[in-house]
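Presented below is the structure to which this report refers.
The values are calculated or read from the model by the stated rules, or taken from the named source; none is laboratory data. In this text the structure is predicted, and so the values were computed from the model without any measurement. Here Cβ is always computed from backbone atoms with ideal geometry, including for glycine, and neighbour counts include all displayed protein chains. Only protein heavy atoms, including side chains, enter the accessible area calculation; ligands, DNA and RNA are left aside. Shrake-Rupley method; radii C 1.70, N 1.55, O 1.52, S 1.80 Å.
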Amino acid sequence: MIAGHWEVVVVGGRIAGASTAWALAPYAERVLVLDASRATAFWPQQSTWDRSGNLAWAELGLLETVLACGAPRTYGDTQRIGEDVAERVYPREDAYSYRMSVPREVLDPALLAAARSRGNVTVLRPARVRDVTIDAGRVRGVTVRQDAVDGEITCDLLVLADGRLSRNAHRVGATAYRVVESPWFALLAYYENLPLPTDRSYFSLQDRSVLISTPCGDKQWCVALDLHQSLIDETGRHPARSYERMVRDDPHLGPAVATGRRITPIGGAGRMRMLRRPMSGPGWCLVGDAGYHLDPVTAQGTRAALVTARILRDRVAGAGRVAGADLTGLTDERDAALDADWAYTEQIVRA
C-alpha cells in the first residue's frame with residue numbers, strides 16, 4: 001500500500017482519469033491514480049470522436065499518444081437512411097478534420113502510460129476507494145483497499161473519474177441536479193478482416209435503430225448498434241439477438257461480416273441516465289462521466305471527458321499549482337462549454 005500525502009489523488013484510470021493525471025502532473029509534485037480494475041480486464045468498448053475531439057486531445061497535449069494507437073483516420077462515410085444511400089465527405093477545415101474510433105483496451109493503457117511518463121504519476125491497480133475522509137467540510141483524503149488491506153491517503157485535491165455510477169460522488173455530496181432517462185440500448189463488438197474501406201465509416205439510420213461500422217485498428221472494425229427500448233419490447237428478442245440479426249441483414253455490413261469474423265463477445269448496456277453533477281467542491285473535483293454523463297447514442301462522451309479535464313487543468317495552471325487553486329465556478333464553466341453537446345444528445349434521447 002502506498003500511504004502518505006499526495007497533492008492529487010485521481011480515482012479512475014480510464015480516459016478522464018488518465019488524461020487528468022497527465023494534465024495536472026506539471027502542477028504537482030506527486031500524483032496518484034487509483035483504479036479498481038485489473039490490467040487484464042476486458043470488455044468490448046470503443047471511444048470515438050471527430051474534429052472537435054481531435055482538437056480536445058491536442059489541447060491536452062495527448063493527440064500524438066492517441067494517434068500512436070494505430071486506428072485509421074476516416075474522412076467520410078456511407079450513410080443509409082431507410083433505403084436511401086449517400087456518400088459523404090467530411091469538410092477539410094484543417095489538419096484535425098477526420099474521425100477516429102479506438103478500442104478502449106488499446107486507448108486506456110496508452111493514456112495511463114503517457115501519464116506515468118511524466119515521472120511524478122504513480123498508478124495503483126487494482127485499488128478501490130473504501131471511503132472519503134472529510135474534515136471541517138473539506139475532502140482531506142481517502143481510505144484505499146488493496147490486496148485486502150486498507151490504507152489511509154491524504155491529498156490536496158481528490159479528482160473523481162470513476163464513471164456515471166460513482167459512489168464517491170455521493171460520498172463528497174455531489175448530487176445530480178439534472179437527469180434524463182434514456183430509452184436507448186447500446187451494443188457493440190469487434191470484427192476483423194472485413195472487406196470494407198479503412199478511410200470511411202458506415203451509418204445506417206433506420207426506425208428506432210442506428211447501426212455503425214468504423215475501422216478501429218489494423219484489419220479491425222467496431223460494429224455498434226443503438227436500439228430503442230420500444231423496439232426491444234416490441235420484438236421480444238434479447239438485444240444481442242437483435243444485434244446479430246440486424247448486422248446480418250444489413251445490405252452493406254451483412255456480406256462483409258459473412259466474409260470476416262467477430263473476434264469479441266457482444267457487449268452492451270441500456271437504460272442509462274444522462275446526468276449532471278456539480279463539478280467541484282471543497283477539496284474535490286469530478287471529471288468525465290462521474291460529473292457529466294451523455295448518452296453514448298451521439299458519441300459525445302469522449303470530448304466531454306476531455307473538456308472537463310482541460311477546464312480543471314486550466315484553472316490549476318492559472319494558480320500555478322494544485323494546492324490552493326480556486327475551483328469555484330467550474331460547474332457553470334463546464335455546463336456552458338458542453339451545452340451544445342447536451343442539447344443535441346437530449347434531443348435524440350427524447351425523440
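Of all residues being surrounded by 18 or more Cβ atoms within 10 Å (Cβ to Cβ), of a type in the set (Val, Ile, Thr) and over 19 Å from the mean Cα position of the chain (by Cα) in segment 308-330, which is farthest from Tyr292 (Cα to Cα)? Just the residue, please. By that ranking, first place goes to Val322.
Within segment 210-230, being open to solvent by 10 Å² or more (accessible area, probe 1.4 Å), farther than 15 Å from Ala256 by Cβ and within 21 Å of the chain's Cα centre (by Cα) holds for Val210, Gly217, Asp226.
On the given criteria, is Asp207 open to solvent by 30 Å² or more (accessible area, probe 1.4 Å), at pLDDT below 95 and within 20 Å of Val102 (Cβ to Cβ)?
Details: open to solvent by 30 Å² or more (accessible area, probe 1.4 Å): yes; at pLDDT below 95: yes; within 20 Å of Val102 (Cβ to Cβ): no.
Against the criterion (open to solvent by 30 Å² or more (accessible area, probe 1.4 Å), at pLDDT below 95 and within 20 Å of Val102 (Cβ to Cβ)), Asp207 does not qualify.
When Ser52 is tested against (1) buried (at least 19 other Cβ atoms within 10 Å of the Cβ); (2) among the hydroxyl-bearing types (Ser, Thr, Tyr); (3) more than 19 Å from Thr198 (Cβ to Cβ), exactly one condition is not met: (1).
Pairs under 9 Å by beta carbon, first residue in contact (Cβ under 8 Å) with a residue 12 or more places away in the chain and among the aromatic types (Phe, Trp, Tyr) in segment 339-351, partner open to solvent by less than 50 Å² (accessible area, probe 1.4 Å) and in a helix (DSSP H, G or I), six or more apart or different chains? That search, which allows pairs on different chains as well, returns Trp342/Ala304; Trp342/Asp335; Tyr344/Thr298. The set of residues in segment 331-351 that are crowded, with 22+ Cβ neighbours inside 10 Å and more than 18 Å from Leu157 (Cβ to Cβ) contains only Thr345. Anything in segment 148-162 that is without any contact (Cβ under 8 Å) to a residue 24 or more places away in the chain and either buried (at least 23 other Cβ atoms within 10 Å of the Cβ) or closer than 16 Å to Val33 by Cβ (or both)? List them, or say none. Those that are without any contact (Cβ under 8 Å) to a residue 24 or more places away in the chain and either buried (at least 23 other Cβ atoms within 10 Å of the Cβ) or closer than 16 Å to Val33 by Cβ (or both): none in segment 148-162.
Going by the structure shown, is Ala305 modelled with pLDDT of 95 or more and either open to solvent by 20 Å² or more (accessible area, probe 1.4 Å) or touching a helix residue (DSSP H, G or I) at 6+ places or on another chain (Cβ under 7 Å) (or both)? Here the answer is yes, as Ala305 does meet what is asked.
It is to be established whether one or more residues within segment 46-55 are without any contact (Cβ under 8 Å) to a residue 60 or more places away in the chain, under 30 Å from Ala340 (Cα atoms) and hydrophobic (A, V, I, L, M, F, W, C). Before the answer, list the steps.
Our first condition is that a residue be without any contact (Cβ under 8 Å) to a residue 60 or more places away in the chain; within segment 46-55, this holds for 50-51, 54-55.
Still in the list and also under 30 Å from Ala340 (Cα atoms): 50-51, 54-55.
Among the residues that remain, those that are also hydrophobic (A, V, I, L, M, F, W, C) are: 55.
Checked segment 46-55: at least one residue is without any contact (Cβ under 8 Å) to a residue 60 or more places away in the chain, under 30 Å from Ala340 (Cα atoms) and hydrophobic (A, V, I, L, M, F, W, C).
Considering the conditions (1) open to solvent by less than 10 Å² (accessible area, probe 1.4 Å); (2) over 16 Å from the mean Cα position of the chain (by Cα); (3) within 21 Å of Gly288 (Cβ to Cβ), Ser97 is excluded by exactly one of them, (3).
Looking at this structure, is Arg118 modelled with pLDDT under 95, open to solvent by 30 Å² or more (accessible area, probe 1.4 Å) and more than 19 Å from the chain's Cα centre (by Cα)? Show your work before the answer.
Numbers: modelled with pLDDT under 95: no; open to solvent by 30 Å² or more (accessible area, probe 1.4 Å): yes; more than 19 Å from the chain's Cα centre (by Cα): yes.
No: the conditions fail for Arg118.
The number of residues in segment 64-92 that are open to solvent by less than 30 Å² (accessible area, probe 1.4 Å) and free of Cβ contacts under 8 Å to residues at least 12 places away in the same chain comes to 0.
If I go through segment 263-293 residue by residue, how many of them are modelled with pLDDT under 95, assigned to a loop (DSSP other than H, G, I, E, B) and in contact with a Ser or Thr (Cβ under 9 Å, 6 or more places away or on another chain)?
Applying the first criterion (modelled with pLDDT under 95) to segment 263-293 yields 263-273.
Imposing the further condition that a residue be assigned to a loop (DSSP other than H, G, I, E, B) reduces the set to 263-266, 271-272.
Narrowing the set further to residues that are in contact with a Ser or Thr (Cβ under 9 Å, 6 or more places away or on another chain) leaves 271-272.
Residues flagged as modelled with pLDDT under 95, assigned to a loop (DSSP other than H, G, I, E, B) and in contact with a Ser or Thr (Cβ under 9 Å, 6 or more places away or on another chain) within segment 263-293 amount to 2.
Scanning segment 31-53 for residues that are modelled with pLDDT under 90 and of a type in the set (S, T, N, Q) yields Ser37, Thr40, Gln45, Gln46.
Could you tell me which residue of segment 314-351 is farthest from Gln229 (Cα to Cα), considering only residues that are part of a helix (DSSP H, G or I) and of a type in the set (Val, Ile, Thr)? Applying the filter and picking the extreme gives Val316.
In the set (1) in contact with a Cys (Cβ under 8 Å, 6 or more places away or on another chain); (2) surrounded by 20 or more Cβ atoms within 10 Å (Cβ to Cβ), His5 fails one condition alone, (2).
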